[in-house]
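Working notes for the structure below.
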Amino acid sequence: MRALRFSEFGAPSKLSLVEMRDPEPDAATVVVRVVASSVNPSDVKNVAGLMEGTVLPRVPGRDFSGIVEAGPPEWLGAEVWGTGGDIGFSQDGAHAERLAFPTAGLVRKPRNLTHGVTAAIGLTFVVAWLGAIDYAAARPGETVAVIGAGGGVGGAVIQIVKALGCRVIAVDRAERPLPPAGGLIDEFVSAASDVPAEVKRLTGGQGADLIFDTVGGVMFESALLSLRRRGRLVEISGTGRRRVAFDLIDFYHNESRIFGADTRKLDPVDSAKILAALVPGFEAGRLRPPAIARTSSLADGVAAYEAVATGTRGRVVIAP
């Protein structure tokens with residue numbers, strides 16, 4: 001089979017298109033023919049050596065949609081999607097024509113979506129669900145502010161909490177998030193403004209019940225100051241600054257809560273639970289897949305990685 005592989009860390013140019021032996025199934029593993037996969041920022045970081053646990057040489061790629069070619073009879077020919085765990089780190093990932101994947105982590109993909117569209121959902125919606133639903137327990141009627149609303153995760157958070165019945169305040173550098181999330185927001189705040197003041201103004205001086213900060217680092221303090229009493233803050237990144245400072249007395253007086261959400265800690269089985277929870281929303285049309293900016297072949301994989309590295313708006317898909 002053909003696969004993208006890197007043997008040393010560095011720029012996307014370190015990836016090479018190589019011929020490899022097809023993976024083989026075992027008692028706990030199936031072989032999936034990858035119809036489509038997507039390139040996440042974490043895949044680019046993986047090649048750059050900025051992720052933990054990567055064993056070289058390695059085929060990267062975390063998100064996929066495909067067809068089970070070998071495994072238990074009940075799964076043969078099934079159209080599935082998956083993500084999570086050490087796939088792409090200590091085990092070869094989805095940027096290949098075939099993938100060995102744990103049988104227990106399989107989920108049948110949404111029936112109404114193509115493989116290319118399904119592959120673009122993956123981690124962006126998994127971390128959005130993990131932070132907003134599993135950890136911060138968003139509830140109908142709450143006000144949710146999404147910092148970095150124009151990104152893939154921000155757009156996923158907007159859709160998930162809006163489907164739940166929340167009011168959404170989008171915070172971003174761009175004028176508006178990409179569709180479909182852009183049409184779901186109730187209020188927009190420029191990230192260049194005084195974000196805490198604007199959020200407080202839009203909430204009658206109270207602040208947001210929940211803030212999902214996809215930027216972190218340089219936006220962390222603004223996010224924390226935008227919370228209402230006993231509000232919850234979800235952090236998934238540390239853009240521009242790993243270490244942050246804040247007023248501890250103000251923090252505990254406000255009884256604020258902070259959650260870190262990291263999909264790297266989810267194995268394929270844990271990820272499968274979230275993917276399965278998302279399927280009804282996509283099949284019913286309550287959730288819509290993110291915009292796809294580019295579809296590339298494996299042969300054009302380096303360019304696909306470079307597009308993500310330079311910040312392409314929208315998802316980048318690889319179709320072998």
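Quick note: the coordinates plus some simple rules give every number you see, no bench work behind them. No experiment lies behind these values; they were computed from the predicted model shown. As a convention, Cβ positions derive from the backbone with ideal geometry for all residues, glycine included, and neighbour counts pool all protein chains shown.
Loop only per DSSP, at most 16 neighbouring Cβ atoms within 10 Å: give me the GluC sites (Glu not before Pro) in the stretch 9-88, ordered by residue number.
Those satisfying the criteria are E52.
Once amide H atoms are built 1.01 Å from N in the peptide plane, which residues 5 or more positions from V35, or in another chain, come under 5 Å H to H?
S65, G66, I67
Place +1 on the Cβ of every Lys and Arg and -1 on the Cβ of every Asp and Glu in the chain, take the dipole about the Cα centre, and give the residue among V153, L76, A28 whose Cα lies farthest towards its positive end.
V153
If the chain between A48 and L164 were fully stretched, how many nm would it gain, using 0.36 nm times the residue separation less the Cα-Cα distance?
Full extension from A48 to L164 adds 38.0 nm.
Sort out for me the Cα centre separation of the stretch 151-210 from the stretch 9-81, rounded to whole Å.
34 Å
Charges at C-beta only: +1 for Lys and Arg, -1 for Asp and Glu. How large is the resulting dipole of the stretch 246-320 about its Cα centre, in Debye rounded to 20?
340 debye
Measuring from label point to label point, each 7 Å out along Cα→Cβ, what is the E8 to A284 span in nm?
In this crude label model, E8 to A284 measures out at 5.3 nm.
Can you work out ³J(HN,Hα) from phi for every residue in the stretch 255-264, in order, using Karplus 6.51 cos²θ - 1.76 cosθ + 1.60 and θ = phi - 60°, giving whole Hz and x for Gly and Pro?
Values, residue by residue: 6, 6, 10, 10, 10, x, 10, 9, 5, 4 Hz.
Cut-off 10 angstrom, C-alpha nodes, Gaussian network model of the chain. Which of I249, I158, I147 fluctuates the most?
I249
According to the square roots a ≥ b ≥ c of the eigenvalues of the Cα gyration tensor, what is the shape class of the stretch 124-263, taking rounded for a/c under 1.5, prolate for a/b larger than b/c otherwise, and oblate for the remainder?
rounded
List the residues whose amide H sits under 5 Å from the amide H of V316, counting only those 5 or more places along or on another chain, with H placed 1.01 Å from N in the peptide plane.
V39, A293
What are the ³J(HN,Hα) values, in whole Hz, obtained from phi via the Karplus relation 6.51 cos²θ - 1.76 cosθ + 1.60 with θ = phi - 60°, for each residue of the stretch 223-237 in sequence order, with x given for Gly and Pro?
Taking θ as phi minus 60°, the curve returns 5, 4, 6, 8, 7, 6, 4, 6, x, 10, 10, 10, 10, 10, 8 Hz for the stretch 223-237.
DSSP beta bridges in the chain, what fraction antiparallel, as a percent rounded to 5?
Taking every DSSP beta bridge within the chain, about 50 percent pair in antiparallel fashion.
What is the dipole size for the stretch 124-263, taken about its Cα centre, with +1 at each Lys and Arg Cβ and -1 at each Asp and Glu Cβ, in debye to the nearest 20?
100 debye
Given H placed on each backbone N at 1.01 Å, which residues far from T143 in sequence or on other chains put an amide H within less than 5 Å of it?
Under 5 Å from the amide H of T143: R167, D209, L210.
Can you figure out the FRET efficiency of I292 with A192, using R₀ = 30 Å and their beta-carbon distance, to the nearest 0.05?
0.60
About the Cα centre, and with charges only on the beta carbon of Lys, Arg (+1) and Asp, Glu (-1), how big is the dipole of the chain? Nearest 20 debye, please.
Once rounded to the nearest 20, the dipole reads 520 debye.
So for the chain, taking the charge dipole from beta-carbon charges (+1 Lys/Arg, -1 Asp/Glu), which of A48, I87, G122 sits furthest toward the positive end?
G122
Pop out the ³J(HN,Hα) list for the stretch 196-207 in order, Karplus 6.51 cos²θ - 1.76 cosθ + 1.60 with θ = phi - 60°, rounded to Hz; leave Gly and Pro as x.
My calculation for the stretch 196-207 gives x, 5, 5, 5, 5, 4, 6, 10, x, x, 8, x Hz in order.
As an exercise, identify the GluC sites (Glu not before Pro) in the stretch 209-265 lying in DSSP coil whose Cβ has no more than 15 other Cβ atoms within 10 Å.
Here the sparse-neighbourhood loop sites are E255.
Take T214, T103 and order them by how many other Cβ atoms sit within 10 Å, fewest up front.
Result, fewest neighbours first: T103, T214.
How many lysine pairs are close in the chain, with Cα atoms under 18 Å apart and the two 8 or more places apart or on different chains?
Taking the chain as the scope, the lysine pair count is 4.
In degrees, nearest 10, range 0 to 90: what is the angle between the Cα axis of helix 152-164 and the longest Cα principal axis of the chain?
Roughly 70 degrees, rounded to the nearest 10.
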